[in-house]
Amino acid sequence: MLKTTPFHERTAALCVSHAWRRWAGYVVASSYELSHEREYHSIRAAAALFDVSPLYKYAITGKDAARLLDHVVTRNIQQLAVGQVVYTPWCDANGKVLDDGTVARLGEDRFRMTAAEPNLRWLEDNARGLEVAIEDVSEAMVALSLQGPASRAILGDIDLKYFRVAETTFRGIPVSISRTGYTGDLGYELWAGKKDALALWDALLEAGTPHGIQPAGMLALDVARLEAGLMLIDVDYVPARKALIDSQTSSPFELDLGWTVNLKKERFVGRAALAAEAAREPLWRFAGIEVDWDSLERLHGDLGLATRLPQQVWRTSVPIYDGSEQVGYASTGGWSPLLKKYIALAHLRAPRFAPGTSLEMEMTVEHQRKRAAVRVVKKPFFDPERKRA
């Protein structure tokens, strides 16, 4: 049976669309209004509030907490300062990505790890012989994501650097606030105990109303994370645990996450395989794609149609070609209202992932399979200065 988050009493009353999406065994709003357009624009022009409580959350404490995390993820956790957060993937022994999330150092021997999939057993298996306690706090802790240019003002002009975390209070409610998010914009995530969920929601909406705050759902978040060039598990990559064949798996290098792999560490899960891969040219890479507007317009014009654009971000495999050869596939795509461009995220075979490469992407126009001209571009598509300022 699907569960509801501790914020459901508030989100259900606001969700006039009655559109819900499944996420990690919970239901969350797809959009609160009949269209997600206003919710999306609040991310980029004001502030949007997302219920992200379905994230898996683990409290990792003890003398060997840093040692455990340093062993299982690709980033260097031993060097992480108290109050710092890092984004990281983690891999199996073959160097293939199992999941990705964040690690926050809340104290010298106290960490919080977030994940898209259940990872408790995997953490426990790697913790054998270590002095460490691992607690699944997924249901005990709630999480809200406040994203957009007005988010700092709503929180009282909080002084928190990019990818930093602080334990504090917001209007008397104990919270942990991290300057993180999934929109590629200025934003924060607030973590609190389950009992404070409704009070925290109400406090944020009250503080945010003068700034144009808008509760937002997953459809708006999809547009923002596409513009930010951020991948989504089970959509843009298959976690190694779920892969049926080897070709479905991806390494951090293939997902354009080579910058997260610290080979200076003597050992971590998958290091040998990743070191070998780093020594050779990559075979695949996750890249950005821009669809040529004139080409798209021509495909529709040839059939007497005005150009049609997707109403939502699509999540499906779409072939990409270089001449007669298929050289990859797009996994997420859609129209960017801010950039006024049709963009996509794609897996491309070497050497076609070089920025500026001209390719073609399959399009279905009036039940007919066509090809539109596309160009490989660097990610992210949208990267405002305010995100880090």
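The values are calculated or read from the model by the stated rules, or taken from the named source; none is laboratory data. If you're wondering where the values come from, they're calculated on a predicted model, not measured in any experiment. All Cβ positions, even for glycine, are placed from backbone atoms using ideal geometry, and neighbour counts span all protein chains on display. Side chains are part of the model used for accessible areas, which takes the heavy atoms of the whole protein and leaves out ligands, DNA and RNA. Shrake-Rupley method; radii C 1.70, N 1.55, O 1.52, S 1.80 Å.
Look at the alpha carbon pairs under 8 Å that are at least 6 residues apart: their mean separation over the length of region 32-190 gives a relative contact order of 28 percent.
Counting only the backbone N, which residues of region 320-339 are under 14 Å from the spot 7 Å out from the Cα of ASP246 toward its beta-carbon? Answer for region 320-339: none.
Stretching the chain fully between ARG38 and VAL137 yields a gain of 32.3 nm (0.36 nm per residue, less the alpha carbon separation).
Roughly speaking, to the nearest percent, how much of the chain's 1.4 Å accessible area is carbon and sulfur? Accessible surface attributable to carbon and sulfur in the chain totals 49 percent. Remark: the ALA19-LEU303 segment gains 98.9 nm on full extension, using 0.36 nm per residue and subtracting the alpha carbon distance. Spin-label model, LEU120/GLU266: points 7 Å from Cα along the beta carbon direction are separated by 3.3 nm. Each stretch of four or more DSSP H residues adds -39500 (n - 2.57); spread over every residue of the chain, this sum gives -5000 deg cm²/dmol at 222 nm. Accessible surface area normalised per residue over the chain is 45 Å², counting heavy atoms of protein chains with a 1.4 Å rolling probe. Hydrodynamic radius of the chain by the Kirkwood approach over all distinct alpha-carbon pairs: 22.0 Å.
Computed over the chain with a Gaussian network model linking Cα atoms closer than 10 Å, the most mobile of PRO310, PRO282, PRO149 is PRO310. Here region 108-138 is scanned for amide nitrogen atoms under 13 Å from the site 7 Å beyond the Cα of GLU167 along Cα-to-Cβ, giving 108-112. Couplings 3J(HN,Hα) for region 244-249, derived from phi with the Karplus relation 6.51 cos²θ - 1.76 cosθ + 1.60 (θ = phi - 60°), are 8, 9, 4, 5, 7, 7 Hz, where x marks Gly and Pro. Among GLN368, GLN78, GLN311, the largest mean-square fluctuation in a Gaussian network model of the chain, built with springs joining Cα atoms closer than 10 Å, belongs to GLN368. For region 253-347, taking the reciprocal of the average inverse distance between every pair of different Cα atoms yields a Kirkwood hydrodynamic radius of 16.1 Å.
Here the gap between LEU130 and GLN79, fully extended at 0.36 nm per residue and compared with their Cα-Cα distance, gives a gain of 16.5 nm. Using a Gaussian network model of the chain in which every pair of alpha carbons under 10 angstrom is joined by a spring, one finds that among ARG105, ARG308, ARG152 the greatest mean-square fluctuation is at ARG308. Ellipsoid fit via the Cα gyration tensor, region 64-211: semi-axes of 29, 16, 14 Å, each the root of five times an eigenvalue, largest first.
In order along region 277-290, the Karplus-derived 3J(HN,Hα) couplings, from 6.51 cos²θ - 1.76 cosθ + 1.60 at θ = phi - 60°, round to 5, 5, 7, 10, 6, x, 8, 9, 7, 7, 9, x, 10, 10 Hz, and Gly and Pro are given as x. Under 5 Å from the amide H of TRP284 lie the amide H atoms of ALA350, each residue being 5 or more positions distant or on a separate chain, with H modelled from the backbone and absent for Pro and chain starts. Measuring nothing but how far apart in sequence close Cα pairs (under 8 Å, 6+ apart) lie, relative to its length, the chain scores a relative contact order of 17 percent.
With R₀ fixed at 25 Å, the C-beta to C-beta distance from TRP259 to ARG315 puts the FRET efficiency at about 0.50.
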